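Below: one structure, written as structure tokens.
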Amino acid sequence: MTKNLLDDLTELLATEEEFVADGVILRNKVVEAALAMNWQFLELLMRSPRIKTHFFIEVSGILVFDKVKFRDFISHKSFLPDSYTAFRNRIGLTDEHDNHLSCSQNVVLTWAHKDCVLEGGMTKEDRGRDEVFWNTILSPDQITRLYEPKVLTGWERWSYSEENGVVRQSLPEVNEDDNLLIKGNNLLALHSLTARYAGKVKLIYIDPPYNTGNDGFKYNDSFNHCSWLTFMQNRLEVAKILLSRDGIIVVQINDKEQAYLKVLMDEIYDKNYRATVAVKMSHLSGVKMSHKHRKIPKTIEYLHIYSSFRGPITIRPQYVETSWEDAFNRYQSYIVKPDDDPDDFKKWVAIPLREAIKKAKIIPSDIEAKQRFLMSNSECIFRTAVNRSKQYPKEPKNSFLKINNVFVYNGEEVEIASNKIREINGVPKPVSIVGDIWTDIGINNVFQEGGKDIVLRFGKKPEMLLERIIRMFTDEGDLVLDFFAGTGTTAAVAHKLRRRWIAIEQLDDHIDQILRRMKGVINGDQTGISKSASWKFGGAFFYTELAEFNLAISKRIELATNYDELVSIKNEMKNTGFLRYNVDLDSFDLEELKNLSLEESKNVLRDCLDANHLYINLNSIEDEKFQISHEDIRMNQSFYST
């Protein structure tokens, strides 16, 4: 029966030119038509009673095409005469049923807790629990108020004053041009930002925990693999909502999780993958060299780059300084232009570059004089190259032509050296374009950037790295977001480059450093990229915090030094704290806690709190028990009123 059915199907498809080429059935074309439920294709199949009976079923008097059954049948090896083995004649990954993954609609990266939310709050740098931060993993049925906009409190605005430098101002309305530093859990802050900034962020750069177990950045960087993926997924999904239609997200990571991260981002960002850049982030020295006999020393990290849509994106090419020899080793010709009319290309004459140098009476051993001549005459130094998509005339010989604004010499395009010269810190230099391997990022003096008070030497990213990323994907005035702000490098660089910025951070120590750093930038900080950005001083930013509720109780639990303090907190939780739905503190025997260590007792109490109420939701802003000030109410109305 199978052979007869194959014969019937083959003969039927052969009647339509669309599905046949050189006498061979175009299987991919057939599968595409079947999965698209093309009505003309279905009509064709129904001409054969046998095929109609085999692939169509009747449901309530209506014939329904079983496209999955048809796809599996046509994908079978016996359908094609050149299938000599059990493997198909297509290259690709297959699932456990030997179906090509490209034929499946359900191929995704899966892991434990993927359908959950990892709240991941953290306020203490050296927290050592096995869980992630304040690790609360919530299933969908537990999430009730977690993603609602939060109350923002503690508003400050810092700006530049000609008389006093950086000063704290009275609070005006929040507008679209304002920069913003937010303290609090970044997942919840991101969801709060969607009310105002959905579809408005041009560039997101993040440097998340790498899941290494020994990150010097002082985040608790020891997630297990599944928790880390859930943690990242939750944040990358809401980040996508914030990106503008032409927005770009750049995630920096090392090799521990970069492969899984890329697959995860393929799924979330609809495979709008743009590039992966390898960045040299350390030197071949130090502790890593003590293990050189057992493993290859690591020096690089990765930037995974995705866009928010599939169409073409705009990239501003970046250039790096190089030597004349490296940039122009093939530029060995020189144009002699007439003094009376140098723009008349018909009078140009080409001579060897060495002859031009000799005519300028430059001694070959005088390297400095030669370099000055080359740079000052770069608009006359050239090479030619074949343009394979163009056919240029080769006659008249040794004459310059201008065709469609392109200079041509002996049938080849003329490439002028001056087009590969750019200003570096205000000085013209030979350059080469930056590709996807960056080995020139300055990493030696990162600890000095932002001032001596901005520590975390091994966590700070170089300002030069952020400068390149921001220049590559944004223009002045565009909005840049970093929700793992750390020591504020992204905010500092964006400010110096005259971009708008939003930074989110939750660690007290990091917030203190960002505040100091950004005040320094406004006041005229000259470290990092200040010179290349021609940065002087100026600008302003708002600082605000997610208003805490259950998180404040968690902090008190963390700071408790004895069981009596825990008893007092427990009694307060009963009256004022939002507890998990399945917790009854009346039946809670605190005497049993004394059988546990103090740290274990803290964990028990902390786990009674409902993660939906770590912060105060906006719709509760006027609830008297939260005591939100009139000033904060006014600022929240200003922020959320767009």
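The values are calculated or read from the model by the stated rules, or taken from the named source; none is laboratory data. Being a predicted model, the structure only gives us computed values, none of them experimental. Cβ placement follows ideal geometry from the backbone for every residue including glycine, while neighbour counts extend to all protein chains displayed. Each accessible area value is taken on the protein alone, full model and side chains, heavy atoms only, with ligands, DNA and RNA left out. Shrake-Rupley method; radii C 1.70, N 1.55, O 1.52, S 1.80 Å.
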Original post:
Share of Cα-Cα pairs in segment 311-373 beyond 15 Å, in percent?
Top reply: 68
Original post:
Any idea what log10 I(q)/I(0) is at q = 0.12, 0.16, 0.20 Å⁻¹ for segment 449-540, Debye with uniform C-alpha scatterers and no solvent?
Top reply: -0.30, -0.55, -0.89
**OP:** List every residue whose amide H lies under 5 Å from the amide H of Thr527, counting only residues 5 or more places away in sequence or on a different chain, with H placed 1.01 Å from N in the peptide plane.
**Re:** Gly450
Subject >> Violating pairs (Cα-Cα greater than 22 angstrom) within the set Lys114/Lys200; Lys114/Lys295; Lys298/Lys461; Lys460/Lys519; Lys298/Lys452 >> reply: Lys114/Lys200; Lys114/Lys295; Lys298/Lys452
Original post:
If we count every other residue with Cβ under 12 angstrom of Arg383's Cβ, Lys/Arg +1 and Asp/Glu -1, where does the sum land?
Top reply: -1
Original post:
Hey, what's the Kirkwood Rh for segment 335-414 if you take every pair of different alpha carbons, in angstrom?
Top reply: 14.0
Subject >> Cleavage-rule hits, trypsin sites (Lys or Arg not before Pro), segment 375-416, DSSP coil, Cβ neighbours within 10 Å at most 16 >> reply: Arg388, Lys390, Lys394, Lys397
Original post:
Can you give the convex hull volume per residue for the Cα atoms of segment 474-594, as a whole number of Å³?
Top reply: 144
Subject >> Net dipole in debye of the chain [+1 Lys, Arg Cβ; -1 Asp, Glu Cβ; about Cα centre; nearest 20] >> reply: 2760
Subject >> Farthest positive-ward along segment 420-499 dipole, Cα basis, beta-carbon charges - from Asn444, Ile470, Ile433 >> reply: Asn444
Subject >> Residues of type lysines that Lys69 reaches as a straight line, Cα spacing below 29 Å, ignoring anything fewer than 8 places off in the same chain >> reply: Lys3, Lys29, Lys52, Lys77, Lys271
**OP:** Determine the shape class of the chain: with a ≥ b ≥ c the square roots of the Cα gyration tensor eigenvalues, call it rounded for a/c under 1.5, and otherwise prolate if a/b is greater than b/c, oblate otherwise.
**Re:** oblate
Subject >> Stokes-Einstein D in µm²/s, Kirkwood radius over Cα pairs - segment 141-199 at 37 °C with 0.692 mPa s viscosity >> reply: 236
Original post:
Along the charge dipole of segment 153-195, Cβ charges K/R +1 and D/E -1, which of Gln169, Thr153, Gly184 sits furthest on the positive end?
Top reply: Gly184
Original post:
Quick one: what Rg and Dmax do you get for segment 5-62 from the alpha carbons, in Å?
Top reply: 11.8, 42
Original post:
Given a cut-off of 17 Å, what percent of all Cα-Cα pairs of segment 398-456 lie beyond it?
Top reply: 68
**OP:** In whole Å, largest first, what are the principal axis extents of the Cα atoms in segment 230-368?
**Re:** 70, 47, 17
**OP:** Treating cross-link reach as a plain straight distance, find the aspartates and glutamates whose alpha-carbon is under 18 Å from the alpha-carbon of Lys536, omitting any fewer than eight places away in the same chain.
**Re:** Glu162, Glu163, Glu449, Glu463, Glu467, Glu476, Asp525
Original post:
So what is the accessible area of segment 466-529 per residue, in Å², with the probe set to 1.4 Å?
Top reply: 23
Original post:
What accessible area per residue comes out for segment 146-287, rounded to a whole number of Å², with a 1.4 Å probe?
Top reply: 37
Subject >> Solvent-accessible area, 1.4 Å probe, carbon plus sulfur percent, for the chain >> reply: 50
Original post:
Once the Cα atoms of segment 283-351 are picked out, what are the Rg and Dmax in Å?
Top reply: 24.4, 69
**OP:** Would you mind working out the magnitude of the charge dipole of segment 503-571 relative to its Cα centre, with +1 at each Lys and Arg C-beta and -1 at each Asp and Glu C-beta, to the nearest 20 Debye?
**Re:** 440
**OP:** Mind grabbing the base-10 log of I(q)/I(0) for segment 557-642 at q = 0.19 Å⁻¹? Debye formula, identical points on the C-alpha positions, no solvent, two decimal places.
**Re:** -0.88
**OP:** Enumerate the lysines that Lys625 could reach by cross-link, defined here as Cα to Cα under 30 Å, with residues fewer than 8 away along the same chain left out.
**Re:** Lys124, Lys150, Lys183, Lys555, Lys570, Lys574, Lys602
**OP:** Only helical DSSP H runs with n ≥ 4 go in: add -39500 (n - 2.57) per run for the chain, normalise by residue count and round the 222 nm mean residue ellipticity to 500 deg cm²/dmol.
**Re:** -8500 deg cm²/dmol
